[in-house]
Amino acid sequence: MSSDYFANLCIFHIMDGLRDGLSHFSKASRVALIYAVNPDDPIRIYDPQDLLREHDPKIKEYYLDSDDWRAGDNHDDTTRLIEVIRTKDLALAGLITCSARSSSIFYQCWFTEQHPDMCSIGPTESWMEYAALLLSQDFATQNILRIDSSGHLLREYSTHAVRDYIVDQRNRIMGWDTQLRIYPILDSVLGISKTREEGAWARGDLIFIEPSELDKIKYMAKFPEKERPYLKNHKHVRKLLQSVESSGRKLVSDGKVVVGIAVVSPTSNSISAHFKGDRGLIYLGCTPVCSFADAKFSSTNYKPNMVQLEEYLLEIDLSAEVRHNLFQLVVQMITSANNRSHGSTLVLDFNDTPVEIAGQALEKPLDLREPEMRGLARSLTKLDGAVHICKDLKLYGFACLLDGKAVAGENRARGARFNSALRFTSEHPNLIVVVVSSDKPVSIIQRGVELTALCEWKQLFACVTTPPTLTKWIDV
């Protein structure tokens, strides 16, 4: 097997594992690599899904118009396995990057998408650093027997990525002197999150404090040292969480046991788990790190992605105040539906004369600029049918039935709300329908098309040919 062929397979397996792992941790994600094996080699690019195509000018300026990226490294230093480089000059909008140098690969830079609903890019950066390490190891060992094992490791790296990021950040804050062990904490959070108590999911806050700082806390209730519930006893901790539901109280833990109950603010190095029913968030200090649901971690913050609606509102003739109020109203209604775990449909009508929709009409529209009317509107979203809101910030009807002729984009797996919205908007162009499913996804639909639909990227196959040089790729 030639060295080029082996190198190409190494790159493919690592990229495929990284892409697949990140796509499960976040939304569907693309990955690209720019690299040079030796200092005098031409810079090459492997971008099978055109992640970097829109960034041609910046990439050309950084890699081809200048040799600054080559500086600052001694390639003959075999004592260092890998060095991660933080390059501010290569900040590409909407992308997360990770550059590295090693004794086996002179330079490599990984790229992936920065999704707008990410809690933090930190775990993804840790994931990419590990991909760079594995690629350097594979290039160094040239072991055909482990050529695909790196890809398998990267596919299942989510918990490790979260742990690595938390450990790195805490080490920066307080050094290596710590007694909190992150893996048991993460395992306990997942175990508690999937444990029901009398049919109900966990709600409340569990905070992990460095043992040396526990005596500084003013406890409302503290358990005797020999009777403290062990964190690994998920059922017991789940029961205790009932004492802090819907309050400012928190269960306090040292990472091994539950010490007591207190009203305590997060510190810069504390770790918190906020349980919100069937899902939750993990924080480092006051900063969200990741979320958890279905016994696994993910990057989503569970906030609806309303970019398409925001862009549409900027295009139509509305005052800045009305545009802002309408957007905030929609966000509030969606958040309320998500928190209550029920589906809903919002018809946003931008016609001068409201569209006639079959449903429960009102003698006088509700003025949604009044707080009590907004509360009523949020409750009306629980009824079957759509809520009809116009650009004058008034609600004209609820329990509305959306009908229309069949359209090409219908998806039987998405249910009646989604498909009815597709049909209705295809016949009424000057409006948008927002569909909130009971299992949290939010769809924005206009003219019979889902604006929030995710692209299906083409399947990747083994990289058996050497990736093109960056010069050739730019000229294509």
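The values are calculated or read from the model by the stated rules, or taken from the named source; none is laboratory data. Keep in mind the model is a prediction, meaning the values are calculated, not measured. So basically every Cβ, Gly included, is an ideal-geometry build from the backbone, and we count neighbours across all protein chains shown.
Can you tell me which residue in the range 268-292 is surrounded by the fewest Cβ atoms within 10 Å (Cβ to Cβ), limited to those that are under 22 Å from Phe223 (Cβ atoms) and either touching a helix residue (DSSP H, G or I) at 6+ places or on another chain (Cβ under 7 Å) or of a type in the set (Phe, Trp, Tyr) (or both)? Only one residue fits best here, namely Phe275. Among the residues here, Pro365 does not qualify as surrounded by 17 or more Cβ atoms within 10 Å (Cβ to Cβ), closer than 14 Å to Ile432 by Cα and more than 32 Å from the chain's Cα centre (by Cα).
How many residues are touching a residue at least 24 places away in the same chain (Cβ under 8 Å) and outside any helix (DSSP H, G or I) when one looks only at the range 50-64?
Residues in the range 50-64 being touching a residue at least 24 places away in the same chain (Cβ under 8 Å) and outside any helix (DSSP H, G or I): 2 in total.
Just the residues that are of a type in the set (A, V, I, L, M, F, W, C), modelled with pLDDT under 90 and either closer than 17 Å to Ala32 by Cβ or touching a Pro at 6+ places or on another chain (Cβ under 8 Å) (or both), please, taken from the range 57-84. Correct list: Trp69 only. Across the range 225-249, the qualifying residues are those that are more than 16 Å from Val259 (Cβ to Cβ) and among the small types (Gly, Ala, Ser), and the one among them that is surrounded by the fewest Cβ atoms within 10 Å (Cβ to Cβ) is Ser246. For the range 158-187, residues that are in contact with a helix residue (DSSP H, G or I) (Cβ under 9 Å, 6 or more places away or on another chain) and of a type in the set (Lys, Arg) total 2.
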